[in-house]
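Only one structure is covered here, and it is reproduced in the block below.
The values are calculated or read from the model by the stated rules, or taken from the named source; none is laboratory data. Here the structure is a predicted model, which is why all the values come from computation and not from measurement. Heads up, the Cβs are rebuilt from the backbone with ideal geometry, glycines too, and the neighbour counts pull from every protein chain shown.
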Amino acid sequence: MNRKETFDFLRHSGLRMTKIKKEIVDLFLGGGCGLSVKDILGELFSTPDISTVYRSLDSLVDKGFLRHSVGAEGVVQYRCTSAFFPDHGHFSCVNCGGTIAVRRKLPETFLHLLEKEYGVNVKSADFLLEGKCQKCINADS
């Protein structure tokens, strides 16, 4: 779904698209993923009150645009649902900490294998790859 279609969908579902909500939607449509509230605040152009950001995130979760999960360190992270940003992954550099959104899906055969082996039904699939980015590889040479 593109930006206009996403905004139209959210408006038609009863959501008032404030400046903050538009910025948050743009952040996630631009590839932002697995972001904490602190991360989101750091990426916004405006400087809203933290409670405004929490309310905006809650409304975007309620309308099905975002979902949240708890990361490894116990921090709540937000990401687009697959209806708005198809399943994808991230590459994280173990050297510099940089992250690259990987716009690829895991192969269906792999997901079916996991479902069969573990007796689960996969609804969405995000993945994380780790290694060194090109900049760090070049710096090591």
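Within the range 64-76, restricting attention to residues that are surrounded by fewer than 16 Cβ atoms within 10 Å (Cβ to Cβ) and part of a loop (DSSP other than H, G, I, E, B), which residue is modelled with the lowest pLDDT?
Out of the qualifying residues, it is A72.
Does the range 93-101 include one or more residues that are at pLDDT 85 or above and either out of contact with any Ser or Thr (no Cβ under 6 Å at 6 or more places or on another chain) or assigned to a loop (DSSP other than H, G, I, E, B) (or both)?
Looking through the range 93-101, at least one residue is at pLDDT 85 or above and either out of contact with any Ser or Thr (no Cβ under 6 Å at 6 or more places or on another chain) or assigned to a loop (DSSP other than H, G, I, E, B) (or both).
Restricting to the range 77-91, give me the number of residues that are loosely packed, with under 15 Cβ neighbours inside 10 Å and in contact with a Leu (Cβ under 9 Å, 6 or more places away or on another chain).
Number of matching residues: 0.
Checking I40 against (1) part of a helix (DSSP H, G or I); (2) over 26 Å from H88 (Cβ atoms), which test does it fail?
For I40, the exception is condition (2).
If I ask for residues that are assigned to a loop (DSSP other than H, G, I, E, B) and hydrophobic (A, V, I, L, M, F, W, C), which ones from the range 77-92 would you list?
Passing the criteria: A83, F84, F85.
For the structure I just gave you, tell me whether L15 is surrounded by 15 or more Cβ atoms within 10 Å (Cβ to Cβ) and in a helix (DSSP H, G or I).
For L15, the condition - surrounded by 15 or more Cβ atoms within 10 Å (Cβ to Cβ) and in a helix (DSSP H, G or I) - is not met.
Six or more apart or on different chains, Cβ atoms under 9 Å: show the pairs whose first residue is in the range 13-42 and under 13 Å from R3 (Cβ atoms) and in contact (Cβ under 8 Å) with a residue 40 or more places away in the chain and whose second is part of a helix (DSSP H, G or I) and of a type in the set (K, R).
Between residues of the range 13-42 that are under 13 Å from R3 (Cβ atoms) and in contact (Cβ under 8 Å) with a residue 40 or more places away in the chain and residues that are part of a helix (DSSP H, G or I) and of a type in the set (K, R), the close pairs are V25/R3; L29/R3.
Within the range 34-55, count every residue that is surrounded by fewer than 18 Cβ atoms within 10 Å (Cβ to Cβ) and among the hydrophobic types (A, V, I, L, M, F, W, C).
Of the residues in that region, 5 qualify.
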